[in-house]
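To start, the structure under review is shown below, and the notes come after it.
The values are calculated or read from the model by the stated rules, or taken from the named source; none is laboratory data. The structure displayed is predicted, hence computed values, not measured ones. Here the Cβ is made from the backbone with ideal geometry for all residues, glycine too, and neighbour counts use every protein chain on show. What goes into the accessible areas is simple: the full protein's heavy atoms, side chains included, and nothing from ligands, DNA or RNA. Shrake-Rupley method; radii C 1.70, N 1.55, O 1.52, S 1.80 Å.
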Amino acid sequence: MDADIRSKRTQAKPAPKPEPKKKPAGRPADTTSKKLMRAEMLLDITRELAGTDNLNDVLVKMVEITARETDCERATLFLNDEQTGELYSRVAQGEGAREIRLLNTKGIAGHVFTTAKGAIIDDAYSDPRFNPDIDRQTGFETRSILCAPVRTVKGEVIGVAQALNKKGGGFTPEDLHLLEAMTTQAAMALRGSQFIERMTKLRLTELEFLDVVADTTSEIDLHVLLQKVMREAVRMLNADRSTLFLNDEKTNELWSQVGSGLDAMQIRFPNHIGIAGAVFTSGKTINIPHAYADLRFNPAFDKKSGYFTRSMLCVPVVNKAGKVIGVTQVLNKRGGPFTEEDESRLKAFTGQVSIALQNAALFADVQNMKNYNESMLESMSNAVITTNADGQIVTCNKAGYRIMQVREEDILSIPFAEFFIGANGWVAEKIQETGDGIFELMDAEMEFGGQKASVNLTVQPLVSTDGKKLGSMVMLEDISAEKRMKSTMSRYMDPGIAARLMESGKQEDILGGKSAVATIMFTDIRGFTPITESLGAQGTVGFLNDYFTLMVEEISKVDGMLDKFIGDAIMAAFGLPIPHDDDEDRATRAAIAMIKTLWTWNIERKARGQLPADMGIGINTDEVVSGNIGSPKRMNYTLIGDGVNLAARLESACKQYGARILISENTFRKLKGTYRIRDIDDVVVKGKTKPIGVYEVLDYHSDETFPNLMDVVNHFREGRKHYRAANWDGAVRAFEECLKANEQDKLSRIYIERCELLKAAPPPDWDGVWRMTSK
């Protein structure tokens, strides 16, 4: 055995001896091979990048090569933007092509860029320089980081290359040397591509600038020109908003028109106030990179409008003579603060359009002077007729043709005394009697087209600047009963219904007051406060206008009558002023349609990142009193009575029962159609002693929003029977069956809790009625 051991030992000794002899001989060969492979790889990089001068393509290839050669999960190449002081990347593996920007002093990439020294981070989350926000946004988990500066052959750092998560362990100094060598090799191609891209953009920008100036300066309408200039300034500088303020020399105010069409409005303020006033008075540009850090910035407008100003560029608009005629203000550049290049471009642009602005302003003044009288007359609902010094009728507005029931050829160029004849002859006499004075007559009687009309008549002379009489102006205000009635009723009901009422001759009875059975609806928005807080003042007004438009349209479709808006609530009536034999069904159908329309609108709102809205609706049928109610100076057609109050209580009760549409037993009993309805309670509302049955309408639901709906309705009906009989355990079992069919049924949970309370403290005189203690 000892011999065997000695034999094994002697056999084992020669084995390690050749290894030391091979190692010294192998290292130079391995090093040379690696150097050759690296050189070949770097030459490959040069060849691959030489095939393209497009910066995006160069970035894509460099990211691919970096990920491959460093054997990592993800790679990114950041280049420095000297104008904004940011590192930007247009390619990030795994996220698609998009531009990412970050300050060139922040994070690990910023540290490597500013220090020009590479870094190996084995545990990213333990390094204080690491920013985990991007991981949270993308869902990618960064474990290790290899980061190297991108240097040119002259040693200038132009960016940073970054590799994330080494696949086969951790990054090594050899990986860092390799990455630095690769980026240096690619730096020339990157620099060249950057230069080509910048030159291409500048060329396109110059051509686009010339096109924009040519298109803008060709506009002569001042308001259209203002909109064009502001729109092009926003697009040209890649900003959020732009406003062009012109100086009004008559009032020493800066003014601008915001919006277009009927929504257009003018903003005016003294020309020495705020940032715009400072630029106008000094003639110097103001560039604020961080608005709230600048003492000159007034945040009051942001608070009022809900807009948040980050950066601001304001330049004077100077005409050819060197006079400041206004200022252009641009807000919130996307991707960083406004640069010197932005200042130069905006100055050049406003300088080019200043002549067009002055010409347009002059044209607007002339046009306003020319059209002033015509615009004023055509916008009036009263008849206005003018005559020349010879008494011949020169003009008549549209309201005049309508009120007097004549055509243009019937009145123009006709002597005044020949037109106003017969029953209206006294008008010509009054004009002659007044001479150069003013004559007024209230509630006068005239005749047009064989029909009598009540008018307020005003006659006054037209005088030139030197006091010479040019003619006369006659104004006729139609105050006939038909006009008053139709105007009043059209505010509350469909114009077609108002017209039918006028034809029936019953309008006086309706407006004077009547008692009738009607179905009243109240609606209210749920969660309105969070919506207003997220939208701001202007956004809230726009939201309500859109909401009311949709809801009132559904009411009008079934000939319902809008009574009034109460904040965010709506009060409507069905059966007034014209009753139908199915007004209860009309109200119910309108309520169902309103919920469905709201849900459809919510889909659009969610797509825009806005909060969804919800609503509650209460409906009751009862006898109400309607009529024009108010003071002599302010009258409103409205409804009053207990029936109105109960509808309002039912709308409020929607919150307590987790419902959207509640109707009273008065309405339920008169329904002619078939609906999915469940009896939910017998209640005594606050201020009343008699109980009333309450029902929930569920027809707006689909199988997705309320699964197993009819199963729930049937189980709920069984639960209500036990509840009325004070069989609390049986009621709970039935309501639990409701929850098995639809676990989201809030009303069933409410009843289970109520039964548990009643079981613990049984009422001595239980009658199945629930008494409300709040409105």
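For segment 638-701, the normalised intensity computed at q = 0.12, 0.13, 0.14, 0.23 Å⁻¹ comes to -0.30, -0.35, -0.40, -1.04 (log10 of I(q)/I(0), Debye sum over alpha carbons, equal scatterers, no solvent).
Cα centroids of segment 384-414 and segment 158-192: 86 Å apart.
For K564, the residues whose amide H sits under 5 Å from its own are M571, ignoring neighbours fewer than 5 places away on the same chain, with H placed 1.01 Å from N. On the principal axes of its alpha carbon atoms, segment 666-711 extends 39, 22, 16 Å, with the longest extent given first. The modelled label-to-label distance for the pair N456/W601, using points 7 Å beyond Cα in the direction of Cβ, is 3.7 nm. Kirkwood's formula applied to the C-alpha pairs of segment 511-574 gives a hydrodynamic radius of 13.2 angstrom.
To one decimal place, what Kirkwood hydrodynamic radius in Å is obtained for segment 398-439 from all pairs of distinct Cα atoms?
Values: mean 1/r = 0.0877 Å⁻¹.
Kirkwood hydrodynamic radius for segment 398-439: 11.4 Å.
When peptides 571-580, 113-122, 272-281 are ranked by their average number of other Cβ atoms within 10 Å per residue, the highest-first order is 571-580, 272-281, 113-122. Peptide packing: for 384-397, 443-456, the average count of neighbouring Cβ atoms within 10 Å per residue gives the ranking 384-397, 443-456, highest mean first.
Between K746 and I273, the simple spin-label model (points 7 angstrom out along Cα→Cβ) gives 4.6 nm. Given a 1.4 Å probe and the protein chains as shown, K740 ends up with an accessible area of around 150 Å². The value obtained for segment 130-190, namely the Cα convex hull volume divided by the number of residues, is 107 Å³ per residue.
The Cβ shell under 9 Å around E737 holds other residues with a net charge of -1, Lys and Arg each +1, Asp and Glu each -1. If R0 is taken as 60 Å, the Cβ-Cβ distance between N714 and Q405 corresponds to a FRET efficiency of 0.40.
Here each label is just a point 7 Å from Cα along the line to Cβ, and for T105 and K303 those points are 3.1 nm apart.
Determine, from the Cβ-Cβ distance of D122 and A293 and an R0 of 41 Å, the FRET efficiency 1/(1 + (r/R0)^6), rounded to the nearest 0.05.
For D122 and A293, the calculated efficiency is 0.60.
A P(r) calculated from all alpha carbon pairs of segment 80-186, with 5 Å bins opening at zero, reads 2, 12, 21, 26, 23, 12, 3, 0 percent. With Cα atoms as the point set, segment 633-744 shows a radius of gyration and Dmax of 16.5, 62 Å.
Students often check this: by mean Cβ neighbours within 10 Å, which of 422-432, 80-90 ranks highest, and how do the rest follow? Could you put the intermediate results ahead of the total?
Numbers: 422-432: 14.5, 80-90: 17.5.
Ranked from most to least packed, the peptides come out as 80-90, 422-432.
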